[in-house]
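The values are calculated or read from the model by the stated rules, or taken from the named source; none is laboratory data. All values reported here derive from a predicted model rather than from experimental measurement. Note that each Cβ is placed from the backbone with ideal geometry, even for glycine, and that neighbours are counted across all protein chains shown.
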Amino acid sequence: MNPSELIDNAIADHPDWRGQTMADVRRVIRETVPDVTEEWKWMGTPTWSHNGILCICNAFKDMVKVTFINGAKLVDVDGVFNAELGGNKWRAIKLFQGDKLNASGLGKLLLAAVALNGAKGKGKAKPAKAGGAPTRKPVKAGAARTTKPAKAKAKAKPAKAPRKTTKAARSAPKPRRVAARGSR
């Protein structure tokens, strides 16, 4: 099955308000970002990506949670985020039974996440070709190339002097261990 079918099944597995809420979230995502990629990650998590992960959505016993992976970097104008507010990476929207989805606020967050992912570039850097020169980031026109200052070398620790033992210490018999009482 492809990821879209798996997400369909996840929604169908929750015939109550949670499935309807997940379907509403999915509808808003598809309407706001028409060329979004639906993925199925982490052994059962509906994921939406556009030049990187935008958000994930999970149904729990008493809520549906929409998590923005880079939510801490997004400006939440409408105050839609209501969970995971203390961290420096993600933010989440917890929707409980009877809550109304703020489609406008969710759409604004999705567009901000798309813009953030687009500003990051196209993901991981391509590895250097075998036998070729090392790759560098392209320099913008008119910008001066700067080099990073070399890191200062850590001070070397002085070598420990070898222990000197006296002739008497070398020739003295080693003390015998006495067994603890009751252990034979």
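How many residues, within segment 83-100, are polar (S, T, N, Q) and within 21 Å of Thr47 (Cα to Cα)? Adding up the residues that qualify gives 1.
Residues of segment 14-44 that are surrounded by 15 or more Cβ atoms within 10 Å (Cβ to Cβ), part of a loop (DSSP other than H, G, I, E, B) and hydrophobic (A, V, I, L, M, F, W, C): Val33, Val36. Determine whether segment 90-101 contains at least one residue that is in contact with a strand residue (DSSP E or B) (Cβ under 9 Å, 6 or more places away or on another chain), of a type in the set (D, E, K, R) and surrounded by fewer than 16 Cβ atoms within 10 Å (Cβ to Cβ). Taking every residue of segment 90-101 in turn, at least one turns out to be in contact with a strand residue (DSSP E or B) (Cβ under 9 Å, 6 or more places away or on another chain), of a type in the set (D, E, K, R) and surrounded by fewer than 16 Cβ atoms within 10 Å (Cβ to Cβ). Take the conditions closer than 27 Å to Asp13 by Cβ, in a helix (DSSP H, G or I) and in contact (Cβ under 8 Å) with a residue 12 or more places away in the chain and apply them to Leu54. Does it pass? In short, no. Residue check: Asp62 meets all listed conditions (1) at pLDDT below 95; (2) surrounded by fewer than 17 Cβ atoms within 10 Å (Cβ to Cβ) but one, namely (1).
For Val64, the criteria (1) in a strand (DSSP E or B); (2) touching a Leu at 6+ places or on another chain (Cβ under 6 Å); (3) closer than 28 Å to Ala119 by Cα hold in every case but one, which is (3). Scanning segment 60-89 for residues that are of a type in the set (Gly, Ala, Ser) and more than 19 Å from the chain's Cα centre (by Cα) gives a single hit, Gly79.
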